[in-house]
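Shown next, in structure tokens, is the structure this report addresses.
The values are calculated or read from the model by the stated rules, or taken from the named source; none is laboratory data. What you see is a predicted model, and the numbers here were worked out from it, not measured in a lab. All Cβ positions, even for glycine, are placed from backbone atoms using ideal geometry, and neighbour counts span all protein chains on display.
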Amino acid sequence: MTKEKALKILNLVPVATREEVDHAYQRLVRRYPPEFHPEKFREIDEAYKFLTSLAFRIEKLITPQAKIELNRELFSFDFTPPTSSLESALSEIKKQLKIAFLWKPLEKGDQK
């Protein structure tokens, strides 16, 4: 079973939440009970098990989702940070990078 097929069987969008998957499954099971529609129920159950499996949920967490539109007003600030603190932070970062570069362990080919 593929993700697309499972989503199509349950009539879901690719970004459906676990609650939406559960709701769609319950709705379809009520519509196609196993006593009267055993093949359709088996298909619905297989799609539900696929979409709620651990492997699928991990894949969903790892793969990038559709672009989410953010409300930029929530992240806008009315102040600017003081320049002196930015300059001191940048100089500290540069200093740490220089130290890390100078003190990095020699590679086997570099030892002569």
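Would you please name the residue that is modelled with the highest pLDDT, looking only at residues in the range 80-98 that are in a helix (DSSP H, G or I) and hydroxyl-bearing (Ser, Thr, Tyr)? Per the criteria, the residue is Ser91.
Among the numbered conditions (1) at pLDDT below 70; (2) touching a helix residue (DSSP H, G or I) at 6+ places or on another chain (Cβ under 9 Å), the only one that Thr52 does not meet is (1). The set of residues in the range 1-18 that are closer than 11 Å to Thr52 by Cα and at pLDDT 90 or above contains only Ala6.
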